[in-house]
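**Q** There's a structure below that I have some questions on.
The values are calculated or read from the model by the stated rules, or taken from the named source; none is laboratory data. Predicted, not measured: the structure shown is a model, and the values here were computed from it. Methodologically, a virtual Cβ is constructed for each residue, glycine included, from the backbone with ideal geometry; neighbour enumeration extends over all protein chains shown. Ligands, DNA and RNA are stripped out before the accessible areas are found, and what is left, the full protein with its side chains, is counted by its heavy atoms. Shrake-Rupley method; radii C 1.70, N 1.55, O 1.52, S 1.80 Å.
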Amino acid sequence: MILPKTLEDLIEEFKKFPGVGRKTAERYALFVINKYSDTDVHQFSEALENAKTKLNHCSICGNLTDEEQCYVCQDENRDQSTILVAENVKDVFSIEKSNEYKGLYHVLNGVLSPIDGMGPEDINLESLWKRVINEQVKEVIIATSSTPEGETTALYIKRVMQDIDVLVSRIGYGVPVGLNLEYADDLTLSKAIENRKKI
Ligand SMILES: [Zn+2]
């Protein structure tokens, strides 16, 4: 069966989403065609547009925000002496959802991966050193995944920080080896932070 080109184009767009194959893309496309009102279509395209034009990375920590600084960095009630280093924004979402962590973040937006050509200058590290030298910071909790890349990144950060007077810790057991933080539940995450160890 040959589909109308307009429908085919929409299916192709949905197929670009992670985890969406041909069948699901067809279902989404038909859902839009059959169920979406003009307002829905307008809201969807506007949300897409805004996500690309209005969101940017927080100038302090690298978290996603539609302001200059994210809500965490703007919140003076957060514990300014602790910075949790996360691989990506998704991990920050997960930790924030667990509602246990009250410190600040630093989002790397990537991990070191020599195989993929990802070096220290390709991730958000430079501003981390500057933040940590600030005397208010007493502890840096490294919460990168327990994947080989996450471990390499953690060791690199530890090495650079060894001459700075700050406690460097790594989130603890509770996060199984090889697991990405986004798949950990709230309790596992808060335990992992609680059980962090000095490295
Ligand atoms: Zn921020």
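**Q** Among bridges DSSP assigns within the chain, what percent are antiparallel (round to 5)?
**A** Expressed as a percentage, antiparallel bridges in the chain total about 30.
**Q** Another question about this same structure. Could you pull out every residue, at least 5 positions away or on a different chain, whose amide H is within less than 5 Å of the one on Tyr105? Hs are placed 1.01 Å off N in the peptide plane, and Pro or chain starts have none.
**A** Excluding prolines and chain starts, which carry no amide H, the hits are Leu84.
**Q** Oh, and also: Under the rule that an exposed site lies in a DSSP loop and has at most 10 other Cβ atoms within 10 Å, name the longest stretch of the chain with no trypsin sites (Lys or Arg not before Pro) of that kind, not counting the sites themselves.
**A** Longest run free of exposed loop sites: 55-199.
**Q** Whole number please: convex hull volume per residue of the Cα set in region 89-128, in Å³?
**A** Normalising the Cα hull of region 89-128 by residue number yields 67 Å³.
**Q** Residues of region 31-73 with the amide nitrogen closer than 17 Å to a label point 7 Å from the Cα of Met118, along Cα-to-Cβ, please.
**A** 62-64
**Q** Also, I was wondering about something else. Counting pairs on different chains as well as pairs 8 or more places apart, how many Lys pairs in region 60-198 have Cα atoms under 23 Å apart?
**A** The result is 22.
**Q** Rolling a 1.4 angstrom probe over the protein chains, ignoring ligands and nucleic acids, what is the accessible area of Cys58 in square angstrom, nearest 10?
**A** 10 Å²
**Q** So how strong a dipole does the chain carry about its Cα centre when Lys and Arg Cβ are +1 and Asp and Glu Cβ are -1, to the nearest 20 debye?
**A** Dipole magnitude for the chain comes out near 580 debye.
**Q** What do you get for GluC sites (Glu not before Pro) in region 1-79 restricted to DSSP loop and a cutoff of at most 16 other Cβ within 10 Å of the site's Cβ?
**A** Listed in order of number, the matching sites are Glu67, Glu68, Glu76.
**Q** Let's test the formula: R0 of 45 Å, r as the Cβ-Cβ distance of Asp165 and Thr24. What FRET efficiency results, to the nearest 0.05?
**A** That pair, Asp165 with Thr24, gives E of 0.30.
**Q** On to the next question. Hey, if you drop one equal point scatterer on each alpha-carbon of region 5-53 and run the Debye formula without solvent, what base-10 log of I(q)/I(0) do you get at q = 0.14 Å⁻¹?
**A** For region 5-53, the Cα-only Debye profile gives -0.36.
**Q** Around Ala154, what is the net charge, scoring Lys/Arg as +1 and Asp/Glu as -1 over all other residues with Cβ under 14 Å from its Cβ?
**A** Around Ala154, the surrounding residues sum to +2.
**Q** What net charge do the residues around Asn109 carry, taking every other residue with its C-beta under 10 Å from that of Asn109, with Lys and Arg at +1 and Asp and Glu at -1?
**A** -2
**Q** Moving on. Taking the alpha-carbon distance from Lys23 and a cut-off under 16 Å, which lysines remain once sequence neighbours fewer than 8 residues away in the same chain are dropped?
**A** List returned: Lys15.
**Q** Using R₀ = 41 Å, calculate the FRET efficiency as 1/(1 + (r/R₀)^6) where r is the Cβ-Cβ separation of Leu3 and Asn109; round to 0.05.
**A** Rounded to the nearest 0.05, the efficiency is 0.60.
**Q** With the convex hull built on the Cα atoms of region 1-159, state its orientation-averaged projected area in nm².
**A** Computed as one quarter of the Cα hull surface, the answer is 13.0 nm².
**Q** Once fully extended, how much extra length lies between Asn77 and Glu12, figured as 0.36 nm per residue of separation less the alpha-carbon to alpha-carbon distance?
**A** So the chain would gain 18.8 nm between Asn77 and Glu12.
**Q** Additional query: What order do Tyr28, Tyr105 take when sorted by accessible area (1.4 Å probe), most exposed first?
**A** From most accessible down to least: Tyr28, Tyr105.
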